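J.: Just dropping this structure here.
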Amino acid sequence: MSPVLLSALALGCWTRAPGPAPLAVAEGPVATFEERVPANAIDLVLAVRAGSAHDPSGQEGLAWLTAHALVQAGGAPLEAALHRLGTTLSVEVGPELVVFGLRCRVDDAVACAELLGATVAAPAWDTQGPDAGGADLSAALERVRARARSRLAEEALGPGAALADRIFDRWTFEGHPYGRLPGGRSGALDAIGPPDLVRFHQEHYLRPATALGVAGEPSAEAVVDIQAALGGLAPRLYVDATPRVLPVVQGRRLLVASAPVSQDRAVLGHATELAPDHPDRLAVEAGLGILAQGTDSRLGRILGPEGGEGALVSAGLDPAWMRVQPAARVALPLGAQGDLSRVAVALAELRRLVTEGPSAQELDDWRAVAVGRIQAEVAAPQDRARDAAFRHLLAAPDASARLAAVRALDPAAVQAALARHLDPDHLRIVVLTAAPARYEGLGVEGSGPPAVPPADGAPWASVAPADYGIGVAAVLRASSEEILR
């Protein structure tokens with residue numbers, strides 16, 4: 001049993017943060033937002049506040065299974081309808097939101113909306129059985145459960161970047177709704193049955209918890225019909241998932257996680273209160289981008305000569321649609337196994353940014369990339385539809401506001417925001433490795449700070465870490481399976 005899963009730094013220390021207020025108008029139509037874009041197609045993006053943060057404890061994965069079972073339960077009739085319309089129905093599940101997407105011909109906009117509404121608001125498991133051509137809910141659940149297991153297995157055997165981020169999320173948000181990760185835990189998937197999917201759908205797929213973004217040039221009549229197609233969602237008041245934030249992490253905490261990865265990787269950072277509309281959010285994103293987003297970042301240039309590994313560094317805040325209150329993180333490949341010199345460099349560069357800020361040239365370079373990225377989003381109809389839905393549900397600023405904020409940034413503002421929200425001395429560091437023995441020198445059993453006992457209450461050895469240039473206050477060790485099961 002992992003010592004991480006009941007970390008004393010997480011449990012019992014959460015404080016309530018305001019987060020988005022529950023949406024008050026429960027009996028009105030689903031909030032629908034038009035983005036008039038010249039196009040030969042219509043993009044429909046339906047976002048629902050029913051992500052994995054809403055999973056009950058012990059049933060992690062329920063949100064993911066429910067969202068995908070809605071599509072699976074449509075069976076052959078849904079597949080035939082999608083084929084006839086020449087489209088596919090996409091599904092994404094994050095901690096905050098479930099997002100469904102359709103792209104249709106303009107003339108098929110209403111038919112697509114009706115299909116989307118029937119799939120999400122009136123599941124086939126309520127109206128169809130095997131004899132009617134729909135999928136039995138038990139069979140649909142088994143298919144999506146198998147897919148969830150396959151995704152988790154692929155992630156565990158993949159190159160390591162996604163797995164390292166998942167372990168970091170699990171540890172950083174342990175004891176918090178955000179620690180219930182999309183896709184769930186392998187040990188919890190079997191605890192979910194058909195009645196759980198029905199109940200989760202009834203409790204969380206609610207009219208005021210839903211927003212629809214429409215991009216294209218539908219007629220006014222079509223927009224009314226599109227909105228009406230979603231009227232089957234329950235008109236009950238949405239209850240916020242109570243976003244909360246972590247207290248300050250005491251010291252630098254290191255977790256050595258073992259997994260069969262091809263290259264060791266590190267992720268470091270901590271949770272923040274930087275909601276989508278927080279005035280400092282963009283400045284912190286700028287600072288993290290200057291630190292470690294690609295080959296032109298500070299860490300990218302440092303690692304670039306070594307086999308082009310500068311392209312493998314990344315940094316940033318969780319996207320708003322993932323977490324209203326995000327983690328700030330820096331991720332990078334390590335050199336030789338057991339060598340944390342790159343982590344030491346990352347920490348030193350982070351401290352330098354926090355204390356000195358970026359240069360004007362660094363900020364100008366970041367600004368050019370950020371402006372180009374926002375302008376590309378504005379030009380993409382589907383992104384505009386997503387943005388419209390997210391603005392409503394998450395209080396996220398629109399593209400024009402983000403562009404104005406990017407252009408107004410100066411180095412002093414970036415430095416001040418970094419100093420207010422990032423602390424290089426108090427954060428979590430995950431090292432993902434296939435050779436955990438190479439990191440044994442990071443600590444010895446003895447009279448160090450008390451470690452956290454496993455979930456079953458069994459004793460766990462305390463660790464007194466040695467100082468290897470990064471000044472860790474505690475070292476934990478576990479396999480990736482222990483942490484995520």
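The values are calculated or read from the model by the stated rules, or taken from the named source; none is laboratory data. Note that the structure is a prediction, hence the values are computed from the model and not measured. No Cβ is skipped: glycine too gets one built from the backbone with ideal geometry, and neighbour counts run over all protein chains shown.
J.: Do we find that Val223 is assigned to a helix (DSSP H, G or I), β-branched (Val, Ile, Thr) and at pLDDT below 90 in this structure?
T.: Criteria met by Val223.
J.: Do we find that Ser52 is closer than 22 Å to Met322 by Cα, modelled with pLDDT of 90 or more and among the polar types (S, T, N, Q) in this structure?
T.: Yes: the conditions hold for Ser52.
J.: Among the residues of the range 399-408, is there at least one that is in a helix (DSSP H, G or I), under 21 Å from the mean Cα position of the chain (by Cα) and either assigned by TED's automatic domain parsing to the domain that holds Arg49 or aliphatic (A, V, I, L, M) (or both)?
T.: Yes; the residues of the range 399-408 include at least one that is in a helix (DSSP H, G or I), under 21 Å from the mean Cα position of the chain (by Cα) and either assigned by TED's automatic domain parsing to the domain that holds Arg49 or aliphatic (A, V, I, L, M) (or both).
J.: A further question on this structure: Restricting attention to the range 328-368, which residues are among the aliphatic types (A, V, I, L, M) and surrounded by fewer than 16 Cβ atoms within 10 Å (Cβ to Cβ)?
T.: Initially, the range 328-368 is screened for residues among the aliphatic types (A, V, I, L, M), giving 328, 330-332, 334, 336, 340, 343-348, 350, 353-354, 360, 363, 368.
If the condition is that a residue be among the aliphatic types (A, V, I, L, M) and surrounded by fewer than 16 Cβ atoms within 10 Å (Cβ to Cβ), then Ala336, Ala344, Ala348, Ala360, Ala368 are the ones that fit.
J.: Looking only at residues in the range 276-305 that are assigned to a loop (DSSP other than H, G, I, E, B) and farther than 30 Å from Asp398 by Cβ, which one is modelled with the highest pLDDT? If you could, list the steps in order and put the result at the bottom.
T.: Kept after step one, since they are assigned to a loop (DSSP other than H, G, I, E, B), are these residues of the range 276-305: 276-280, 293-297, 304-305.
Pick out the ones that are also farther than 30 Å from Asp398 by Cβ and you get 295, 304-305.
Values: Thr295: 81, Gly304: 75, Pro305: 60.
It comes out as Thr295.
J.: Find the residue count for the range 205-227, including only residues that are surrounded by fewer than 24 Cβ atoms within 10 Å (Cβ to Cβ), in contact with a strand residue (DSSP E or B) (Cβ under 7 Å, 6 or more places away or on another chain) and among the β-branched types (Val, Ile, Thr).
T.: The number of residues fulfilling the criteria is 1.
J.: Something else: Do any strands (runs of 3 or more DSSP E) lying entirely in the range 25-108 carry at least 3 residues that are surrounded by 24 or more Cβ atoms within 10 Å (Cβ to Cβ), at negative phi and assigned by TED's automatic domain parsing to the domain that holds Ala222, and which ones are they?
T.: Of the strands (runs of 3 or more DSSP E) lying wholly inside the range 25-108, those with at least 3 residues that are surrounded by 24 or more Cβ atoms within 10 Å (Cβ to Cβ), at negative phi and assigned by TED's automatic domain parsing to the domain that holds Ala222 span 41-48.
J.: Another question, then. For the range 341-355, check the following and say yes or no: at least one residue is assigned to a loop (DSSP other than H, G, I, E, B), farther than 17 Å from Leu422 by Cβ, assigned by TED's automatic domain parsing to the domain that holds Ala283 and touching a residue at least 24 places away in the same chain (Cβ under 8 Å). Can you show your working first?
T.: Filtering the range 341-355 down to residues assigned to a loop (DSSP other than H, G, I, E, B) leaves none.
No, every residue in the range 341-355 fails to be assigned to a loop (DSSP other than H, G, I, E, B), farther than 17 Å from Leu422 by Cβ, assigned by TED's automatic domain parsing to the domain that holds Ala283 and touching a residue at least 24 places away in the same chain (Cβ under 8 Å).
J.: Can I ask one more? Please find, within the range 164-205, the residue that is farthest from the chain's Cα centre (by Cα) out of those that are under 19 Å from Pro326 (Cα atoms) and of a type in the set (Ser, Thr, Tyr).
T.: My answer is Thr172.
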